[in-house]
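Everything on this sheet refers to the single structure shown next.
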Amino acid sequence: MGRTYLVEEGIGQYLTELSTKVKPYVTGLLIGQCSPQRDYVIRAVRTPPKEQQQEESLGPPKLASLDEEWITTHASQVSRMLPGGLLVLGVFMIATPELAKDGQNALRKLIFSVEKSLSKRRLWKPAEEEVSDRAALQICSATKKVVCRTYDVQDPKSSAKPADWKYQNALTASWVALGCTVNVNIHIPLLATSPNHDLEKNTKNGLNRWSKQIEDSVFLINGQVKDEDTELLEGQKKFRGNTQSSTQISDVKVLTQLCQGASPRSTATVQVCSGSINLRGAVKCRAYIHSNKPKVKEAIQALKRDIINTLSDRCEILFEDLILNEGPQKKSFGREYHVLPQRLFVPVAGSSVMLSDYKFGDEAAGEIQERFVEMLDQPVQAEDMHIAEDISTVDICPVADSPSDTQQAQLTKATLLLKLQQNMGMFLPRFLLWHSRSCSGPFQDC
C-alpha cells in the first residue's frame, strides 16, 4: 500500500486555476510535512517563469526543454523560507494530453535533482527511520485527471509507487508551534597554515561543528524534559470541530553542552591562526508540527533543524550579497563587520503556520513582497511582515602583518600555552581557539 497525502483544500483550487493557463505545461513544488503515518501538503507553488521562456515556447512543446537548474534553484530559495517541520515534499506538473506520456519520467528526474540540490546545503543528516519518499503529482490540463506517485530519494534505482491524494479542509488550522531564541557566539579560526582563506568555506566548517553541538543539546519544552517517545500534546486539550486558525505555542529552552565528548577530560589544541570569524547574536527559531498525535521526538527534531538551517541560510545569503556587491575576487585585509539578515515571519490565511524570509536593513518592504510573489506565489501585505529579532553580526578579524611574523607566531603560541596552564587548575576549557573559555557546568542556556 502506498503513502497517503492529506492536502489543504485550497491547493485543489490553485492547481485548477493553473491548469487553465498551461501552455503547454507548468511545473512547481509541493510543500509540507512528512510523518510516519501520512504526509501533509500545505502549499503548492508554481515555478517562476523565466524572461526568455516566451521566446523558447514558439517551437513545438517538449518536456526535454524543462530547465532543471532553474527548478532546483527555485527549490533551494523556497526551502530557505520554510520554518522547521516543513520541507519540499515533491514536485508537480500540469501538462497537455500530448505531453502526459513523458510526464512521469520528467517528474522522476526533477525529484532526484531537487533532493540532490537541497541535501548539499544541509548541515544535518536525515535519520535512518525518516520518510524518504517524495511525491510526483501529474495533472492533465484537459481532463483534470490527477495521478500521484512516490519515489524513494535514498534509492537511485527507485521505481514509482502509487499514492493517495486526499483533500482536507482546514488542514493546518490547529498545528502546534514551537519557538525558541538561541544566543549564538561562534568563533571560527582561520589557520595560518591554510593556503587561502575562503571565508564561506571556513564559515561552513565552523557551522558544521556548531550544528553537532545543537544536535547534542537538551531541549526543555514548557520548562520540562520530555521523553522522546511520548506524545507532544499529552495532557493538553485538543481543539475539536474548530476550523478557525488557532496556534498552540510551546516555549522551548535549548541547553547546549559545554564540554563535548563522552570523556570528562578535554584536550585543547593550540593552533597558530592568521585571523578569525565571529558570529554573534540571538536568532529566533520556530517549528510547526501536525496535530495528529505528534511525538516529542518529531517536534524536537523539527526545531533543531530550524536552528541549524536559519543560521546557515543567513550566512549563505550574506556571502551571496557580498559577491553580488563586491565581486568574488575581493581581497580585504582589514577588520570587517557584516550584519546578517534579520528573520521575519508572515502568516498564511486560514492556517496556524507562518512562512519566513530574511531581510537586510536597507531592504524595503516592497522587495520582500516581490520575493514572496515570485518564490511562493503569495501576495503579502507590509503590515503582516513581523521582524522577529534584533541584529546579528559577522566579525572578520585578520591579524595585521608585521616584519616579525615568526616571532609574533611564537609569542602567540607561548601566550596561549601560558593561559592554558593558568586555567587548567581552575576548570576545563570549553575550547581553545584564540583564548580559553570557562564553563561553570555541563550545560548552558542558549
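Key figures for this structure:
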{"item": "Which listed residue is of a type outside the set (S, T, Y) and at pLDDT 95 or above, from L87, L58, L63, L99", "result": "L87"}
{"item": "Of all residues making up segment 354-378, the number that are more than 18 Å from D313 (Cβ to Cβ) and in a loop (DSSP other than H, G, I, E, B)", "result": "4"}
{"item": "Residues satisfying the stated conditions in segment 125-146, i.e. open to solvent by 20 Å² or more (accessible area, probe 1.4 Å), of a type in the set (V, I, T), in contact (Cβ under 8 Å) with a residue 60 or more places away in the chain and assigned to a strand (DSSP E or B)", "result": "none"}
{"item": "Any chance W175 is in contact (Cβ under 8 Å) with a residue 24 or more places away in the chain and out of contact with any strand residue (DSSP E or B) (no Cβ under 6 Å at 6 or more places or on another chain)", "result": "no"}
{"item": "Any hit, segment 147-170, residues being open to solvent by less than 70 Å² (accessible area, probe 1.4 Å), basic (K, R) and in a strand (DSSP E or B)", "result": "no"}
{"item": "Among (1) part of a loop (DSSP other than H, G, I, E, B); (2) open to solvent by 40 Å² or more (accessible area, probe 1.4 Å); (3) at pLDDT below 75 - the single one Q421 does not satisfy", "result": "(1)"}
{"item": "Qualifying residue in segment 63-73 (condition: touching a His at 6+ places or on another chain (Cβ under 6 Å) and open to solvent by less than 20 Å² (accessible area, probe 1.4 Å))", "result": "no"}
{"item": "Identity of the residue in segment 1-44, polar (S, T, N, Q) and assigned to a loop (DSSP other than H, G, I, E, B), that ends up nearest to the chain's Cα centre (by Cα)", "result": "S35"}
{"item": "Segment 87-103: number of residues that are in contact with a helix residue (DSSP H, G or I) (Cβ under 9 Å, 6 or more places away or on another chain) and either open to solvent by 20 Å² or more (accessible area, probe 1.4 Å) or β-branched (V, I, T) (or both)", "result": "5"}
{"item": "Identity of the residue in segment 175-205, in a loop (DSSP other than H, G, I, E, B) and at pLDDT below 85, that ends up nearest to M354 (Cα to Cα)", "result": "D198"}
{"item": "In segment 86-124, the residues that are in a helix (DSSP H, G or I) and among the basic types (K, R)", "result": "K101, R108, K109, K116, K120, R121"}
{"item": "Residue in segment 282-297 that is modelled with pLDDT under 90, over 26 Å from F219 (Cα atoms) and either assigned to a helix (DSSP H, G or I) or among the polar types (S, T, N, Q) (or both) present", "result": "no"}
{"item": "Cross-chain or 6+ apart pairs with Cβ under 7 Å, segment 346-372 first and open to solvent by 10 Å² or more (accessible area, probe 1.4 Å), then of a type in the set (S, T, Y)", "result": "G350/S245; S351/T172; S351/S245"}
{"item": "Unmet requirement for V41, which otherwise passes all of (1) over 16 Å from E115 (Cβ atoms); (2) at pLDDT 95 or above; (3) open to solvent by 50 Å² or more (accessible area, probe 1.4 Å)", "result": "(3)"}
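Let's see how each residue does on (1) surrounded by 16 or more Cβ atoms within 10 Å (Cβ to Cβ); (2) over 26 Å from the mean Cα position of the chain (by Cα); (3) farther than 30 Å from R38 by Cβ; (4) modelled with pLDDT of 95 or more:
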| residue | (1), (2), (3), (4) |
| --- | --- |
| F239 | no, yes, no, no |
| Q257 | yes, no, yes, no |
| L279 | yes, no, yes, no |
| R305 | yes, no, no, yes |
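The values are calculated or read from the model by the stated rules, or taken from the named source; none is laboratory data. Quick caveat: nothing in here was measured; it's all calculated off a predicted structure. Reconstructed Cβ throughout: ideal geometry from the backbone, glycine too, with neighbour counts over all protein chains shown. Heavy atoms of the whole protein, side chains included, go into the accessibility calculation; ligands, DNA and RNA do not. Shrake-Rupley method; radii C 1.70, N 1.55, O 1.52, S 1.80 Å.
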